[in-house]
Amino acid sequence: MKMTLEGGCLCGAVRYRLDGEIEESAYCHCRTCQRQSGAPVVAWFAIAPASFAYTKGKPKGYRASDRATREFCGDCGTYLLFREDDATASLGVNTATLDDPAQVPPTFHIWHQSHIAWFETADTAPRFARGKSSA
Ligand SMILES: [Zn+2]
Ligand SMILES: [Zn+2]
């Protein structure tokens, strides 16, 4: 689905705009996303790097692994984006940072094996134990 959307962090110091194909949209229940966001789950969607641009401010980056950087606002801390070192890899944008997150509903869950026991969403979307291919 091709879309033009804008979003940004809580304080407004960092803003972004995207224009292109939403490749997939999902929930991630991994421990890294939980800790980085301070929330039980992160909803994210994938988009080509060429379709995404920061329009205001510059995020800080944190490397939780040796293959990707997690970008966040250095002023308010909002976790915005997952960017792999491979420049051709799709970006993972955190859906709740969109101005209108309802536009991009998640359609599956990854890393469900580490979901928090008291937290479950009321949908019947597929739940993968680890990555998407791990059923
Ligand atoms: Zn901010
Ligand atoms: Zn995750």
Helix-derived [θ] at 222 nm for the chain: sum -39500 (n - 2.57) over DSSP H runs of at least 4, divide by residue count, nearest 500?
-1500 deg cm²/dmol
Comparing Arg70, Arg15, Arg35, which has the greatest mean-square fluctuation in the GNM of the chain with Cα pairs linked when under 10 Å apart?
Arg35
Estimated vicinal HN-Hα couplings, Hz - the range 118-133 in sequence order (Karplus 6.51, -1.76, 1.60; Gly, Pro = x):
8, 10, 8, 8, 8, 9, 10, 4, x, 10, 9, 4, 10, x, 5, 8
With Cα springs under 10 Å, the Gaussian network model of the chain assigns the largest mean-square fluctuation among Ala43, Ala96, Ala87 to Ala87
Which of Ala26, Ala64, Ala46 moves the most in a Gaussian network model of the chain with Cα springs under 10 Å?
Ala64
Among residues other than Gly12 whose Cβ falls under 13 Å from its Cβ, what is the net charge (Lys/Arg +1, Asp/Glu -1)?
-1
For the range 1-56, just run the numbers: alpha carbon Rg, then divide by 2.2 N^0.38 Å, N being how many residues it has.
1.24
Considering only the range 2-117, percent of DSSP beta bridges that pair antiparallel, nearest 5
90 percent
In the neighbourhood of Arg31 defined by beta carbon distances under 15 Å, the net charge of the other residues (Lys, Arg +1; Asp, Glu -1) is +3
On average over all directions, what projected area in square nanometres does the range 2-117 have, based on the convex hull of its Cα atoms?
6.8 nm²
Can you work out the Karplus-derived ³J(HN,Hα) for every residue in the range 6-11? Use 6.51 cos²θ - 1.76 cosθ + 1.60 with θ = phi - 60°, whole Hz, and x for glycine or proline.
10, x, x, 7, 4, 8
What percent does the relative contact order of the range 51-135 come to when contacts are Cα pairs within less than 8 Å and at least six residues apart?
15 percent
Cut-off 14 Å between beta-carbons: net charge of the residues surrounding Leu80, Lys and Arg +1, Asp and Glu -1:
+3
Given R₀ = 30 Å, what would the calculated FRET efficiency be for Cys76 paired with Ala125, taking r from the Cβ atoms and rounding to 0.05?
0.50
Towards the positive end of the charge dipole of the range 2-117, with charges on Cβ (+1 Lys, Arg; -1 Asp, Glu), say which of Gly12, Ile110, Pro49 has the farthest Cα.
Gly12
Amide H neighbours of Tyr16 at under 5 Å, excluding residues fewer than 5 places away on the same chain, with H built from the backbone geometry, are Gly7, Gly8, Thr55
For the range 2-117, what's the relative contact order in percent, using C-alpha pairs closer than 8 Å and at least 6 residues apart?
33 percent
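Readers should treat all values here as calculations from the given coordinates under stated rules, not as data from a laboratory. Just so it is clear, the model here is predicted, and its values are computed rather than measured. Neighbour counts are summed over all protein chains in view; Cβ atoms, including those assigned to glycine, are modelled from backbone coordinates with ideal geometry.
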